[in-house]
Amino acid sequence: MADEIKTMAKVTFAEGAETGNFCDNIAVGFNPEIFIVTLMQSTPEGTVRVHGRYILTPTHAARLLEHLSAQVQNYAKQNGPITQPAPQVAPTDGAASTN
C-alpha cells in the first residue's frame with residue numbers, strides 16, 4: 001500500500017528548483033520540536049550563498065538520515081569508499097603576520 005501512495009503523488013518543483021544547486025556546506029541546528037537544515041554554497045571570493053533552509057520534525061530528520069545513509073552505502077558499493085580531503089591548515093611559519 002505504501003508503494004501505491006508513492007506512485008499517486010504528483011511531484012512539482014518550486015520555481016528554479018528543477019535545475020538543482022551545488023551544495024558544499026551544510027549547517028544543522030535543532031530544538032526539542034524541530035531540526036533546521038541550511039544548504040549553502042561557498043564561492044571563491046569567500047562568501048557563502050544560502051540555497052535553502054528546511055525545517056524538519058525529529059521524525060523526518062531521522063528518516064532523512066536513514067535514507068541518506070543507505071544511499072551513501074549504495075554509492076560506496078558501486079564506486080568505492082568516499083574519502084574525505086585532508087583538512088587545510090593555515091601556515092604557522094609567520095609568513096602571514098603583518099608586523
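The values are calculated or read from the model by the stated rules, or taken from the named source; none is laboratory data. If you're wondering where the values come from, they're calculated on a predicted model, not measured in any experiment. Using ideal geometry, Cβ is built from the backbone for each residue, glycine included, and neighbour counts are taken over all protein chains shown.
If I filter segment 5-45 down to residues being assigned to a helix (DSSP H, G or I) and among the polar types (S, T, N, Q), which single residue comes out as modelled with the lowest pLDDT? By that ranking, first place goes to Thr7.
Out of everything in segment 9-67 that is aromatic (Phe, Trp, Tyr) and over 14 Å from the mean Cα position of the chain (by Cα), what residue ends up being surrounded by the fewest Cβ atoms within 10 Å (Cβ to Cβ)? So that I can check it myself, show each step before the final result.
Filtering segment 9-67 down to residues aromatic (Phe, Trp, Tyr) leaves 13, 22, 30, 35, 54.
Now narrow it down to the ones that are over 14 Å from the mean Cα position of the chain (by Cα): 13, 30.
On the way: Phe13: 9, Phe30: 12.
Result: Phe13.
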